[in-house]
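> The structure follows.
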Amino acid sequence: MFLGVCEIPVGFPSRKMNCALSQELFARAQKYIPGGVNSPVRAFRGVGGTPRFIARADGSHIFDVDGNEYIDYVCSWGPLILGHRPKSVIEALASVLELGTSFGAPTAREVELAELIIDAVPSVEMVRLVNSGTEACMSALRLARGFTGRDLTIKFEGCYHGHVDSLLVKAGSGIATLSLPDTAGVPKSFSETTIALPFNDLDRVETAFREQGDRIAAVIVEPVAGNMGCVPPEPGFLEGLRQLTHQFGALLIFDEVMTGFRLSRGGAQQLYNINPDLTTLGKIIGGGLPLAAYGGRTEIMKKVAPAGPVYQAGTLSGNPLAVTAGIATLLYLEEHPETYDTLEKLTTQLTSHAPQGTCVNRVGSMYTFFFQEGPVGNYEQAKRSDTNAFGRFFHHLLDRGVYFPPSQFEAGFVSAAHTLEDILCTAKAISEFPVE
Ligand code: KE4
């Protein structure tokens with residue numbers, strides 16, 4: 001039974017959790033793994049303290065190695081829209097485990113997943129499966145350059161498209177969390193092919209196109225930004241990108257690694273009724289296993305090897321286990337369209353309890369409480385947030401059994417496994433946060 005905030009007597013100062021084993025494991029991990037983690041944002045550098053080593057999870061809850069239980073609003077950074085260990089995914093995996101884990105050859109399941117993606121995502125006519133969102137974005141960019149014969153890319157400050165060399169320019173997510181200027185190790189010649197502009201600033205995009213439009217291969221954008229915290233597109237912004245890319249012969253790439261199947265079955269492009277030329281997907285389509293994809297118009301996708309001259313490959317691309325988890329997840333969302341209404345209601349309820357003095361951005365079941373008055377419409381504005389206050393808030397919740405993303409510059413997620421009790425327990429924990 002969840003001993004959460006609802007069980008803590010009113011006014012209980014806080015329940016400093018015992019995290020001795022997490023501390024011991026973290027000390028050990030830091031000897032063998034850079035920063036003690038396999039992805040920077042997990043290290044709690046944005047909020048301080050010891051990252052919790054997770055032992056198991058179920059539904060909307062995770063359990064750390066010290067036996068502490070938390071309501072989980074990270075959801076593995078977005079993939080787990082059905083929550084942890086959803087019955088449909090676990091049963092599907094159990095049914096195929098005996099058949100083998102990887103064949104390095106085509107399988108029927110990959111065709112089934114491709115058909116599910118194409119059926120759901122309006123602009124996608126053909127799709128290539130890869131292993132991570134980074135790979136999907138890197139490949140989509142190479143394809144855009146190969147298709148247009150141009151070299152430059154427009155991206156937006158605070159948006160993150162994985163650790164693609166040329167896109168680690170004014171990126172969000174871990175780069176923002178660690179306040180890194182950008183990253184070491186990327187040759188200037190790479191980053192010079194990228195034009196980084198303020199999100200939601202169409203005038204700056206038009207100027208860039210007027211100045212060097214014949215060199216710009218693509219505009220890549222998170223249609224709803226999640227990697228500077230949740231920042232929605234202002235009315236007309238996405239439509240403007242569509243019009244300008246058409247006008248100047250560049251491709252529009254929607255990076256829907258986070259928003260794909262999150263905001264609707266057709267992602268942000270269905271929600272905002274915009275058809276990009278290419279779409280990248282990840283997270284949810286793998287159902288918690290490593291799987292991502294890029295896809296778009298047939299005339300473009302047919303340029304990808306072996307059909308065309310743009311090379312891209314992967315040993316474990318379309319891995320049978322990951323594809324099985326993805327199919328089970330997408331089939332569930334197809335058969336239960338009411339899931340999106342439920343997510344909308346629960347997340348609206350959650351964000352209605354945001355602490356006073358914070359600016360709340362939400363689209364569907366992704367949200368961020370910015371510790372500032374707001375508004376937050378781009379990265380410069382997001383960076384005005386009081387990250388120390390966010391850190392105090394994060395730990396206040398953690399000590400009460402509520403696990404928010406450990407960074408002001410990340411989006412939180414609600415899953416179909418979250419319950420009204422989870423939301424009410426979370427609201428109670430938030431209500432006890434001392435407003436300074
Ligand atoms: P991966 O390579 O991490 O699978 O995907 C990269 C990526 C691409 N595009 C978008 C819009 C993304 O949000 C991501 C990855 N998101 C971060 C969280 N904001 C992953 C968490 C992490 O880096 O550990």
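> Determine the principal axes of the Cα atoms in the stretch 336-432, then give the extent along each, sorted from largest to smallest and rounded to whole angstroms.
In descending order, the Cα extents are 39, 29, 20 Å.
> Right, next: Summing Lys, Arg as +1 and Asp, Glu as -1, what charge do residues with Cβ under 14 Å from the Cβ of LEU21 carry, LEU21 excluded?
Here the count lands on 0.
> Also, quick follow-up: Apply the Karplus curve 6.51 cos²θ - 1.76 cosθ + 1.60, θ = phi - 60°, to the phi angles in the stretch 229-236 and return the couplings in whole Hz, x for Gly and Pro.
x, 6, 10, x, x, 6, x, x
> How many percent of all Cα-Cα pairs in the chain sit more than 33 Å apart? Please list the in-between numbers first.
Values: 31148 of 94830 pairs.
That tail contains 33 percent of the Cα-Cα pairs.
> Under 21 Å Cα-Cα from LYS31, which lysines qualify once same-chain neighbours fewer than 8 residues away are excluded?
none
> Follow-up question, since we're still on this one. Please give the calculated 222 nm ellipticity per residue for the chain, where each DSSP H segment of at least 4 residues contributes -39500 (n - 2.57) and the sum is spread over every residue; nearest 500 deg cm²/dmol?
-10000 deg cm²/dmol
> For VAL231, what residues show an amide H to amide H distance below 5 Å, using hydrogens built from the backbone and excluding near sequence neighbours?
Sorted by chain and number, the residues that satisfy this are ALA225, GLY226.
> Using a 1.4 angstrom probe, figure out how much accessible area the stretch 81-232 has per residue, in square angstrom, rounded to the nearest whole. Can you show the working numbers first?
On the way: 6420 Å² over 152 residues.
Accessible surface, normalised per residue, equals 42 Å².
> Using the crude model of +1 on Lys and Arg Cβ and -1 on Asp and Glu Cβ, and no other charge, please compute the dipole size for the chain relative to its Cα centre, in debye to 20.
Working: 35 positive and 46 negative charges, 185 e Å.
Its charge dipole is roughly 880 debye.
> Among the lysines, select those whose C-alpha is under 16 Å from the C-alpha of LYS302, and discard any that sit fewer than 8 residues away in the same chain.
Filter leaves no residues.
> Moving on to the next point. With only alpha-carbon pairs counted, each pair once and no self-pairs, how large is the Kirkwood hydrodynamic radius of the stretch 88-335 in angstroms?
One over the average 1/r among Cα pairs gives 18.2 Å for the stretch 88-335.
> Any idea how far the Cα center of the stretch 195-238 sits from the one of the stretch 119-136, in Å?
Taking the Cα centre of each part, the stretch 195-238 and the stretch 119-136 sit 21 Å apart.
> Rounded to two decimals, what is Rg over Rh for the stretch 148-206 when you use alpha-carbon atoms and the Kirkwood radius?
Rg/Rh for the stretch 148-206 comes to 0.97.
> Please list 221-228, 191-198 highest first by mean number of surrounding beta-carbon atoms within 10 Å per residue.
Peptide ranking by packing, descending: 221-228, 191-198.
> Under a cut-off of 20 Å between alpha-carbon atoms, report the lysines in cross-link reach of LYS345, not counting same-chain residues fewer than 8 places apart.
Reachable lysines: LYS428.
> So, taking all protein chains as they sit and a 1.4 Å probe, how much accessible area belongs to ARG85, in Å² rounded to tens?
ARG85 has an accessible surface of roughly 140 Å² with all protein chains in place.
> Of the residues ARG400, ARG28, ARG109, which exhibits the maximal mean-square fluctuation in a Gaussian network model of the chain defined by a 10 Å Cα contact cut-off?
Per the Cα network of the chain with a 10 Å cutoff, ARG28 tops the list.
> Follow-up question, since we're still on this one. Whenever you get a sec, line up ASP201, ASP399 from highest to lowest accessible area (probe 1.4 Å, protein heavy atoms).
ASP201, ASP399
> If you restrict to DSSP beta bridges whose two residues both lie in the chain, what percentage is antiparallel, to the nearest 5? Present the calculation step by step, with values, prior to reporting the outcome.
Values: 25 of 43 bridges.
Counting DSSP beta bridges with both partners in the chain, the antiparallel share is about 60 percent.
> Now, a different point. Carbon-plus-sulfur fraction of the accessible area of the stretch 88-335, 1.4 Å probe, in percent?
The nonpolar share, carbon plus sulfur, comes to 54 percent.
> Let me ask you something else. How much accessible area does ILE62 have with a 1.4 Å probe, in Å² rounded to the nearest 10?
Accessible area, nearest 10 Å²: 10 Å².
> Suppose all protein chains stay in the model; what accessible area per residue would a 1.4 Å probe give for the stretch 289-374, in Å²?
41
> Return the subset of LYS87/LYS283; LYS155/LYS283; LYS87/LYS303 for which the Cα-Cα distance in this structure is over 30 Å, preserving the input order.
LYS87/LYS303
> Heads up, I need the accessible area for LEU331: 1.4 angstrom probe, whole protein in place, Å², nearest 10.
It works out to around 50 Å².
> Expressed as a fraction of 2.2 N^0.38 Å, the rule-of-thumb size for a compact globular protein of N residues, what is the C-alpha radius of gyration of the stretch 232-336?
1.18
The values are calculated or read from the model by the stated rules, or taken from the named source; none is laboratory data. Just so it is clear, the structure is predicted and the values come from calculations on it, not from any experiment. Backbone-built Cβ (ideal geometry, glycine too); neighbour counts: all protein chains shown. The accessibility values were calculated without ligands, DNA or RNA, using every heavy atom of the protein model including side chains. Shrake-Rupley method; radii C 1.70, N 1.55, O 1.52, S 1.80 Å.
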